[in-house]
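To start, the structure itself, in structure tokens.
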Amino acid sequence: MKLTALGVWGGYPTRDAGTTSYLLQSESGFNLLLDCGSRAVTELEHELQPTQLDAVILSHYHEDHIADLGALRQYRQLFPLGQEGWDGMILKIYGHTENQYEFDKLTLAGVSEGHAYQPDETLEIGPFDISFMKTVHPVVNYAMRIIERKTGQVLVYTGDTGYFDGLADFSKQADVLLADVYFFKDKAKMPNHLSSVEAGQIAKSAAVKKLILTHLPQFGDLKLLQYEAQEAAGSITVDLARPHQKWQL
Ligand code: ZN
């Protein structure tokens, strides 16, 4: 499967990049959007037609992960039927139901349908099997372990999370760990996001193949953030996500 970064900042967008959003594509051509932060639609258009998205899955309902859902739905609602093969397919948006108000907003008649994922069950979306783990965050957030059925390749995406013991186990031997890293190493055990060192330690103890740092802070030296994570991760490759960077798992 192929992972493409669309938005990489935590919190809010800057003039050159948006907030958390990733495109995950299977060998079979299924297009899944992981979170839908600000600028997601604009960045997606550089990769594919937003009408080609098959589904969206949300880790949680903080604005920097859902900001462009409205734009995405307007795009599909207003795109002329028949144009470039567009058939008006209803967009499936998967989210948790521990915030019923936000979950209910995922459904827009004729455009999108909210689908609840059950955190203790494996969810099948197209070619992917997805399992969940609740993380440490001010609102309910689920990390996802996404397995491409055909290849057995594994992507673990943390969504937003502070450090907790179960995360390394959940990430065990993933091909890629895509981790929320909003703090430098002077912070630890924060209630909302990982530090560089914590992400590196989790990657090392889970023996993942690659660690990608995302949900990046707008202030501070990102090369230092990467260096700190790399020091903790040992021989594991650590990448700093940039928009339109791609990883073939
Ligand atoms: Zn959040």
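Structure notes:
- Here Q118 and M89 are evaluated by their C-beta separation; at R0 = 30 Å the FRET efficiency comes out at 0.80.
- Calculated [222 nm] ellipticity per residue, helices only, for the chain: -5500 deg cm²/dmol; basis is -39500 (n - 2.57) per DSSP H run with n ≥ 4, divided by all residues, nearest 500.
- Here the label points at E63 and S205, each 7 Å from Cα along the C-beta direction, are separated by 3.5 nm in the simple model.
- Computed FRET value (nearest 0.05) for M190 with R149, which takes r as the C-beta separation and R₀ as 35 Å: 0.50
- Put simply, the Cα atoms of the stretch 2-244 extend 52, 39, 34 Å along their principal axes, the longest span coming first.
- Computed log10 I(q)/I(0) for the stretch 112-249 at 0.11, 0.12, 0.16, 0.19 Å⁻¹: -0.38, -0.45, -0.79, -1.09, from the Debye equation with unit scatterers placed on every C-alpha and solvent omitted.
- Taken as Cα centroids, the stretch 1-73 and the stretch 156-172 sit 21 Å apart, rounded to the nearest whole angstrom.
- Amide H to amide H, with H built 1.01 Å from N, S112 comes under 5 Å of L91, counting only residues 5 or more places away or on other chains.
- Residues whose placed amide H lies under 5 Å from that of L178, excluding near-sequence neighbours: V156, Y157, T158, I212
- Total lysine pairs in the stretch 2-244 at Cα distances under 18 Å, for residues eight or more apart or on different chains: 14.
- Peptides 39-47, 185-193 ranked from most to least packed by the mean count of surrounding Cβ atoms within 10 Å: 39-47, 185-193.
- Carbon and sulfur %, accessible surface of the stretch 2-244 computed with the full protein complex present, 1.4 Å: 51
- Nearest 10 degrees, 0 to 90: helix 196-206 Cα axis against the chain principal axis: 90
- Per residue, in Å², the accessible surface of the stretch 2-244 once ligands and nucleic acids are set aside, probe 1.4 Å: 42
- Of all DSSP bridge pairs formed entirely within the stretch 2-244, close to 50 percent run antiparallel.
- Radius, Kirkwood style, for the stretch 1-140 when every pair of distinct Cα atoms is counted (Å): 15.4
- For the chain, averaging the sequence separation of C-alpha pairs within contact (under 8 Å, six or more residues apart) and dividing by the residue count gives a relative contact order of 17 percent.
The values are calculated or read from the model by the stated rules, or taken from the named source; none is laboratory data. Here the structure is a predicted model, which means the values were calculated and not measured. Neighbour counts are summed over all protein chains in view; Cβ atoms, including those assigned to glycine, are modelled from backbone coordinates with ideal geometry. These accessible areas exclude ligands, DNA and RNA; they are computed on the full protein's heavy atoms, side chains included. Shrake-Rupley method; radii C 1.70, N 1.55, O 1.52, S 1.80 Å.
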